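J.: Before I ask anything, here is the structure I am working with.
The values are calculated or read from the model by the stated rules, or taken from the named source; none is laboratory data. Remember, it's a predicted structure, so these values are computed and weren't measured experimentally. Cβ placement follows ideal geometry from the backbone for every residue including glycine, while neighbour counts extend to all protein chains displayed.
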Amino acid sequence: MKKIMTMLLCAAILPLAASAKRPVAAERWSEEKAAAWYAKQGWIVGCDYVCATAINQIEMWQAETFDPATMDREMALAEGLGFNTVRIFLSDMVYDADPEGFKKRVSQFLDICERHGIRAIMTIWTNGGKCENPQLGKQPESVQGVHNSQWCMSPGADAVNDPAQWGRLERYVKDIIGTYKNDDRVLLWCLYNEPENIRRGVKSSLPLMRETYKWAREIDPSQPLTSPMWSAPSLARTNLAIVSYLMENSDIISFHCYSEPKIMSAFIRRLKDYNRPIVCTEYMGRPKSTFEKIMPILKENNVGAISWGLTAGKCNFHLQWSSKAGDPEPEVWFHDIYRLDGTPFSEAEVAFIRRMTGKAE
């Protein structure tokens, strides 16, 4: 009888012990918690940032081409504009090759940001990119005249589509978020950039996105979680399943809009219905979406304003999306604010930005 009782006791305890080892996922932030967090930040204003000497995320983060000197100069330019935020894109490939080295370089970049009064939005996954089969090591050269010729998907379509590979992705997500979960240099987490943007072999981002939110909730960072809506809610091409998931699971709402003021204003009105802080993590593509036209709308509505690009470097962000090999530099830039030597594309534009951020006062 004693032996039977012992076996029954063990049978009861073992499932409890096993469940105790599994992390308990935190819940989505309440509206009150999200609002309280946002009220402490002031106006979030800054840019999406890729180092001018990097052709893609791999070149930005791998040891051979990591460029803290250029990063420091460029963060000084951002600081001079009154920017307090940069949004960056990480690389699972560089992490897999050298996890500790990768995190050391990310931390070094965050130190540089901190010296300039800037915090980072950390982006985990992105569907964008023209480089379909990226490799570590020396990266392809920039294609003269072509906008963003060598950007990489992260992870690649094969990993997005194959749950058998997600163990590797889970380790990456949990290690990165776990490392910086209480780091004041990190403003928030962008878990999946433009999950609606399905192309180059991705069947659907929704399954991986669900898992990524679950992994992040298990880590429970002190910073909020979000992923940007890509299409205006009224557009037929919007992936309603993905948008619904984002609106039901993000702590704060983020979105992208390169359209004219009328559409930007309508987009913001729709998103306010969700009663959560809003950050536009991509805008500004001249001549339709400019600082002068869009920045006042964002500020007036207390929407975070993250424009695309800082310095016209190897990625050629200053060229139009439709640019072709051999095209000359356009008279009116598309993205970016500064030339490589630190002079502005437009002195008047820089003066306007500084007035908007209060840096000119």
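J.: If I ask for residues that are of a type outside the set (A, V, I, L, M, F, W, C), within 22 Å of Cys280 (Cβ to Cβ) and in contact (Cβ under 8 Å) with a residue 40 or more places away in the chain, which ones from segment 186-220 would you list? Break it down stepwise before answering.
T.: Taking segment 186-220 as the starting set, the residues that turn out to be of a type outside the set (A, V, I, L, M, F, W, C) are 192-197, 199-201, 203-205, 207, 210-214, 217-218, 220.
Next cut, within 22 Å of Cys280 (Cβ to Cβ) only: 192-197, 205, 212-213.
Listed by number, the residues that qualify are Tyr192, Asn193, Glu194, Pro195, Glu196, Asn197, Ser205, Thr212.
J.: Sort out which residues of segment 159-183 are farther than 11 Å from Ile124 by Cβ and among the hydrophobic types (A, V, I, L, M, F, W, C), and write them in order of number.
T.: Of everything in segment 159-183, those that are farther than 11 Å from Ile124 by Cβ and among the hydrophobic types (A, V, I, L, M, F, W, C) turn out to be Ala159, Val160, Ala164, Trp166.
J.: So which residues in segment 297-355 are under 25 Å from the mean Cα position of the chain (by Cα) and small (Gly, Ala, Ser)?
T.: Within segment 297-355, Gly304, Ala305, Ser307, Gly309, Ala312, Gly313, Ser322, Ser323, Gly342 meet the criteria.
J.: Further question: With (1) under 30 Å from Tyr38 (Cβ atoms); (2) surrounded by fewer than 16 Cβ atoms within 10 Å (Cβ to Cβ) as the list, and Glu194 as the residue in question, which single condition is left unmet?
T.: All conditions are met except number (2).
J.: Restricting attention to segment 299-311, and to residues there that are buried (at least 21 other Cβ atoms within 10 Å of the Cβ) and touching a residue at least 60 places away in the same chain (Cβ under 8 Å), which single residue is farthest from Thr53 (Cα to Cα)?
T.: Among them, the one singled out is Gly304.
J.: Where in segment 24-115 are the helices (runs of 4 or more DSSP H), entirely inside, with at least 1 residues that are more than 28 Å from Ile297 (Cα to Cα)? Even if it seems obvious, please write down each step before you answer.
T.: Numbers: elements: 31-39, 57-61, 68-80, 92-97, 99-115.
Correct list: 57-61, 68-80, 92-97, 99-115.
J.: Restricting the search to segment 108-130, which residues are farther than 17 Å from Tyr192 by Cα and touching a Ser or Thr at 6+ places or on another chain (Cβ under 8 Å)? Give the derivation first.
T.: From segment 108-130, those farther than 17 Å from Tyr192 by Cα are 108-119, 130; that's our starting set.
Selection gives Ile118, Arg119, Lys130.
J.: To continue, here is another question. List the helices (runs of 4 or more DSSP H) inside segment 117-219, counting only whole elements, that have at least 1 residues being at pLDDT 95 or above, touching a Phe, Trp or Tyr at 6+ places or on another chain (Cβ under 6 Å) and not small (Gly, Ala, Ser).
T.: Details: elements: 157-161, 166-180, 206-219.
Result: 166-180, 206-219.
J.: Here's a follow-up. Just to be sure, is Ala360 of a type outside the set (Lys, Arg), at pLDDT 95 or above and under 16 Å from Val45 (Cα atoms)? Step through it out loud before you land on a result.
T.: Numbers: of a type outside the set (Lys, Arg): yes; at pLDDT 95 or above: no; under 16 Å from Val45 (Cα atoms): yes.
When the stated conditions are applied, Ala360 does not pass them.
J.: To continue, here is another question. Could you list, in sequence order, all residues of segment 235-282 that are among the small types (Gly, Ala, Ser) and touching a residue at least 24 places away in the same chain (Cβ under 8 Å)?
T.: Once the filter is applied, which keeps residues that are among the small types (Gly, Ala, Ser) and touching a residue at least 24 places away in the same chain (Cβ under 8 Å), segment 235-282 yields Ala241, Ser250, Ser254, Ser259, Ser265, Ala266.
J.: Hey, Ala78 hits all of (1) within 27 Å of Arg355 (Cβ to Cβ); (2) at pLDDT below 95 but one; which does it fall short on?
T.: The single condition Ala78 does not satisfy is (2).
J.: Has segment 81-93 got at least one residue that is in contact with a Gly (Cβ under 7 Å, 6 or more places away or on another chain), more than 22 Å from Thr179 (Cβ to Cβ) and among the aliphatic types (A, V, I, L, M)?
T.: No, the conditions are met nowhere in segment 81-93.
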